[in-house]
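These notes concern the structure reproduced below.
Here, each number is a calculation from the coordinates, and none is a lab measurement. This structure is a prediction, so every number in the text was calculated from the model and none was measured. Note: ideal-geometry Cβ built from the backbone for every residue, glycine included; neighbour counts use all protein chains shown.
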Amino acid sequence: MSEFRVIDGGVLAAKGFTAAAMNCGIKPEALDLVLIHSALPAVPAATLTQNRFRAAPTYVTSEACASGYVRTIVVNSGNANCATGDQGLADARRMATLAGEATGVPADEVIVCSTGKIGKPLPMDKLEAGIPKLAAMLGPDNAELAAKGIRYADVGTSGGVWGLERGYCQMIGGDDESVAHLAMIDRNFRGAA
C-alpha cells in the first residue's frame, strides 16, 4: 500500500482551487454550505456506497464523475438529502445546476455532497439564495473555513480517516476535531494544478 502524507493547504493545496463556506440557514449558526472550485477541469475519482439505500447526491456525484471531468464541489451539512425520493434527486440535481451556474461550469461538472438529518427535504430556498452568494466569496485562502464547513469525509461503504488522506469524499459530517483536511479527490486533482 502506498504511503500518503498530509500536505499544507488542505483542500486548496493544488494551484487553481478556490473555496468558500457560509451559513445559509440549514443549521442555526454553524457553517452549513461549502463551495470548492477548480480553475481547470480536474479528473475525479470517488468511492461511492454500493448500498441500495443511497442518498440522492451520490447519484449526481456518480454521474459527474462518469463525465470525466469536474470543476466544482458543492457541499451542504445539516440535511443529508437521503430517503427523500424523487424530490431529493431533483433537489440534488438543482444544487448541481445552481453551483454550475454560479461558477460558470455545466451541471455535469459539479459534485454534490450532503450530510445531516435523514428523511427531510432540503430547504431549497436557502440553497438557492446561498449558493450564488457563496460563489462570490470564493478565494484561494479559505481552506480552513471550507474544512470547518465540511467537517470530515466519510468514504465509500466504510468511511473513516483514510478518506481524508486519499481525498475521496461523498458523505460528510461530524465534529470539528475530526477535521484535518479534505484533500482533493485522489492524485488526479493534483494533476490538474
Sort 74-83, 45-54 for me by packing, meaning the mean count of neighbouring Cβ atoms within 10 Å per residue, highest on top.
-> 74-83, 45-54
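I'd like to compare 110-116, 66-72, 30-36: which one has the highest average count of other Cβ atoms within 10 Å, and what's the full order after that? Write down the numbers at each step before the final one.
Working: 110-116: 27.0, 66-72: 18.3, 30-36: 25.0.
In descending order of packing, they fall as 110-116, 30-36, 66-72.
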Just grab the label-to-label distance for Ala136 and Gln87, each label 7 Å out from Cα along the Cβ direction, in nm (one decimal).
-> 3.0
Return the lysines within reach of Lys15: Cα separation strictly under 30 angstrom, same-chain partners fewer than 8 residues apart disregarded; answer none if there are no such residues.
-> Lys133, Lys148
Pull out a ≥ b ≥ c, the square roots of the eigenvalues of the alpha-carbon gyration tensor of the stretch 1-87, then state rounded if a/c is under 1.5, prolate if not and a/b is larger than b/c, and oblate in the remaining case.
-> oblate
How long is the gain from Lys15 to Lys117 if the chain were fully straight, where each residue apart is worth 0.36 nm and the alpha carbon distance is subtracted?
-> 33.3 nm
